[in-house]
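The values are calculated or read from the model by the stated rules, or taken from the named source; none is laboratory data. Because the structure is predicted, anything quoted here is derived from the model rather than measured. Cβ atoms come from the backbone with ideal geometry, glycine included; neighbour counts cover every protein chain shown.
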Amino acid sequence: MSSLDLAYYEPFHRNAVLNGKRWHYVDIPGDASGSLGKGKTLLLVHGFPDTWYGWRHQVPVFRKHGFRLLIPSLLGFPRSEAPLTHPGEVTGEKFDGHNVHKELGLDDENVQELECYTADFFARSMVQLLDQLGIQKVSSFGHDWGAVFAPRLWLNYPERVECVSSACWYYQMPMDGFVDLKDFAEVAPSLRYQMYWGGDAPQEVVQHPVKKFMDKMYCHPTKKHLLTSEDEYANILKEFQFEGKTIAPMFPLYKSRKIAYDIDERDFLAKGRTEEDLAVDVPYLFVGAEFDIALQPGMESVLEGYVKEGLLEKQWVPCGHWVLFEEPEAMHKIYIDFLKKVFGSSKL
């Protein structure tokens with residue numbers, strides 16, 4: 001059976017209560033004949049708007065090499081719990097015709113469970129999962145928002161991570177001085193869409209069929225054709241409509257910047273942690289998509305200071321944002337070559 005079929009995963013779906021929230025994840029064993037990943041586990045983290053199914057093309061390749069795979073569904077996404085968040089406080093300002101919403105921090109009255117959507121909460125939850133499963137270390141890989149969350153596991157628990165990979169975004173080192181989303185969008189125009197997604201989008205998207213939003217996300221921006229097969233897209237839609245849920249609970253990711261900053265300030269900056277302390281000290285693979293609308297070439301250059309010397313590898317693939325399935329063969333080679341350097345005879 002193909003890994004592109006939802007039925008392939010039926011034996012592997014699991015649920016766990018982590019940090020008081022119900023998380024769905026897929027737990028897939030590696031092939032016994034695979035030597036590279038024998039005794040090793042890969043944590044694969046999806047982005048927005050995506051699900052655990054976003055790693056479907058990589059699953060058989062990683063399994064073939066013997067890696068056990070843990071693929072969680074982020075909170076607010078299909079199959080996992082959707083913690084309660086406030087719809088937002090409109091400031092009265094407009095940006096690109098959309099309402100500007102106040103970004104909520106730890107001290108705000110209406111913050112509710114917004115912390116559950118931060119990379120810190122993800123990391124603390126995943127280490128609980130590893131403890132429950134008796135897994136000491138993982139390689140932490142992510143795409144899009146997963147590319148923010150995956151390195152966070154290293155930041156919080158460096159002793160539990162063997163290597164890191166981020167595709168189409170990168171490790172967010174805790175930095176002094178919060179920049180609100182409006183100012184951030186002004187200096188990074190490719191991210192202006194986040195003003196809407198972090199504002200009115202959750203209330204507006206529920207008024208339309210899920211497919212209408214997903215068509216915009218999974219079609220080529222100019223050629224208007226699907227970036228994946230019809231069958232895969234049908235499976236994607238099926239997951240997003242799992243148990244009749246809407247996609248609105250996914251958007252708090254874009255409302256979590258201020259509270260994420262407050263957590264970093266409390267846990268790292270206020271304790272005197274330096275950039276040297278916070279620089280990744282395990283092998284780190286960054287993969288960029290040359291035609292990504294959001295993360296454009298050059299924006300990743302900060303990684304040179306975020307990863308310790310000699311540990312950073314950067315690769316670029318000639319495709320759009322959905323690199324995992326737009327160029328699966330290229331990604332397979334990049335990932336396996338990297339893992340061979342980490343775990344094989346050739347070291348970084």
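If the requirement is being touching a Gly at 6+ places or on another chain (Cβ under 7 Å) and closer than 22 Å to Ser166 by Cα, which of these qualifies: Gly76, Gly47, Gly88, Gly34?
None of the others qualify; the one that does is Gly47.
Which of the residues spanning segment 149-187 are under 19 Å from Ile293 (Cα atoms) and part of a strand (DSSP E or B)?
Ser166, Ala167, listed by residue number.
Which residues, taken from segment 151-201, are charged (D, E, K, R) and either free of Cβ contacts under 8 Å to residues at least 12 places away in the same chain or within 30 Å of Gly310 (Cβ to Cβ) (or both)?
Here is the first cut: in segment 151-201, the ones charged (D, E, K, R) are 152, 159-160, 162, 176, 180, 182-183, 186, 192, 200.
Those that are charged (D, E, K, R) and either free of Cβ contacts under 8 Å to residues at least 12 places away in the same chain or within 30 Å of Gly310 (Cβ to Cβ) (or both): Arg152, Glu159, Arg160, Glu162, Asp176, Asp183, Glu186.
Please work out if Lys102 is touching a strand residue (DSSP E or B) at 6+ places or on another chain (Cβ under 6 Å), over 30 Å from Glu313 (Cα atoms) and free of Cβ contacts under 8 Å to residues at least 24 places away in the same chain.
It is true that Lys102 is touching a strand residue (DSSP E or B) at 6+ places or on another chain (Cβ under 6 Å), over 30 Å from Glu313 (Cα atoms) and free of Cβ contacts under 8 Å to residues at least 24 places away in the same chain.
Select, from Lys314, Lys341, the only residue that is in contact with a Pro (Cβ under 8 Å, 6 or more places away or on another chain), modelled with pLDDT of 95 or more and charged (D, E, K, R).
Details: Lys314 fails: in contact with a Pro (Cβ under 8 Å, 6 or more places away or on another chain).
Residue meeting the stated conditions: Lys341.
Find the residue count for segment 129-185, including only residues that are modelled with pLDDT under 95, surrounded by fewer than 17 Cβ atoms within 10 Å (Cβ to Cβ) and of a type in the set (A, V, I, L, M).
Qualifying residue count for the region: 2.
Could you tell me which of the residues Asp144, Asp215 is under 30 Å from Gly244 (Cβ atoms) and under 19 Å from the mean Cα position of the chain (by Cα)? Give the derivation first.
Values: Asp215 fails: under 19 Å from the mean Cα position of the chain (by Cα).
None of the other options fit; the residue is Asp144.
Name the single residue that is surrounded by the most Cβ atoms within 10 Å (Cβ to Cβ) among those in segment 14-57 being in contact with a strand residue (DSSP E or B) (Cβ under 6 Å, 6 or more places away or on another chain) and in a loop (DSSP other than H, G, I, E, B).
Checking each candidate, the answer is Gly47.
Does any residue of segment 318-327 turn out to be more than 19 Å from the chain's Cα centre (by Cα) and not in a loop (DSSP other than H, G, I, E, B)?
There is no residue in segment 318-327 that is more than 19 Å from the chain's Cα centre (by Cα) and not in a loop (DSSP other than H, G, I, E, B).
Within segment 328-341, is there a residue that is of a type outside the set (Phe, Trp, Tyr), surrounded by fewer than 20 Cβ atoms within 10 Å (Cβ to Cβ) and closer than 29 Å to Gly177 by Cβ?
No; the residues of segment 328-341 include none that is of a type outside the set (Phe, Trp, Tyr), surrounded by fewer than 20 Cβ atoms within 10 Å (Cβ to Cβ) and closer than 29 Å to Gly177 by Cβ.
Can you tell me which residue within segment 86-99, out of those that are part of a loop (DSSP other than H, G, I, E, B) and in contact (Cβ under 8 Å) with a residue 12 or more places away in the chain, is nearest to Ala188 (Cα to Cα)?
Asp96
Is segment 296-307 home to any residue that is more than 18 Å from the chain's Cα centre (by Cα), in contact (Cβ under 8 Å) with a residue 60 or more places away in the chain and part of a strand (DSSP E or B)?
Within segment 296-307 (the criterion being more than 18 Å from the chain's Cα centre (by Cα), in contact (Cβ under 8 Å) with a residue 60 or more places away in the chain and part of a strand (DSSP E or B)), the answer is yes, since at least one residue qualifies.
Taking Pro60 as the residue in question, decide whether it is without any contact (Cβ under 8 Å) to a residue 60 or more places away in the chain, crowded, with 22+ Cβ neighbours inside 10 Å and under 22 Å from the mean Cα position of the chain (by Cα).
No, not satisfied.
Of everything in segment 63-110, what is under 22 Å from the mean Cα position of the chain (by Cα) and surrounded by fewer than 16 Cβ atoms within 10 Å (Cβ to Cβ)? Give them in sequence order. Can you show your working first?
Applying the first criterion (under 22 Å from the mean Cα position of the chain (by Cα)) to segment 63-110 yields 63, 67-85, 103-105.
Matches in segment 63-110: Leu84 only.
Considering each of Glu239, Glu232 in turn, give the residue that is closer than 22 Å to Trp322 by Cβ, touching a strand residue (DSSP E or B) at 6+ places or on another chain (Cβ under 9 Å), surrounded by 15 or more Cβ atoms within 10 Å (Cβ to Cβ) and not aromatic (Phe, Trp, Tyr).
The unique qualifying residue is Glu232.
Take Pro202 and decide whether it is more than 15 Å from Thr51 (Cα to Cα), modelled with pLDDT under 90 and crowded, with 16+ Cβ neighbours inside 10 Å. Outline the logic, then answer.
Numbers: more than 15 Å from Thr51 (Cα to Cα): yes; modelled with pLDDT under 90: yes; crowded, with 16+ Cβ neighbours inside 10 Å: yes.
Spelling it out, Pro202 is indeed more than 15 Å from Thr51 (Cα to Cα), modelled with pLDDT under 90 and crowded, with 16+ Cβ neighbours inside 10 Å.
Does Glu275 count as within 22 Å of Gly177 (Cα to Cα) and more than 20 Å from the chain's Cα centre (by Cα)?
Yes.
Return the residue satisfying two criteria in turn: it lies in segment 212-221 and is hydrophobic (A, V, I, L, M, F, W, C) and part of a helix (DSSP H, G or I), and of such residues it is farthest from Thr51 (Cα to Cα).
If we filter segment 212-221 for residues that are hydrophobic (A, V, I, L, M, F, W, C), which is where we start, we get 213-214, 217, 219.
If we keep only those that are part of a helix (DSSP H, G or I) as well, we get 213-214, 217.
On the way: Phe213: 15, Met214: 12, Met217: 13 Å.
By that ranking, first place goes to Phe213.
Please verify whether Pro78 is more than 23 Å from Lys212 (Cβ to Cβ), assigned to a loop (DSSP other than H, G, I, E, B) and at pLDDT 85 or above, treating the condition exactly as stated.
The answer is no for Pro78.
When you go through (1) exposed (fewer than 13 other Cβ atoms within 10 Å of the Cβ); (2) at pLDDT below 95; (3) of a type in the set (D, E, K, R); (4) outside any loop (DSSP other than H, G, I, E, B) one by one for Lys224, which number turns out not to apply?
In the conditions (1) exposed (fewer than 13 other Cβ atoms within 10 Å of the Cβ); (2) at pLDDT below 95; (3) of a type in the set (D, E, K, R); (4) outside any loop (DSSP other than H, G, I, E, B), Lys224 misses (4) alone.
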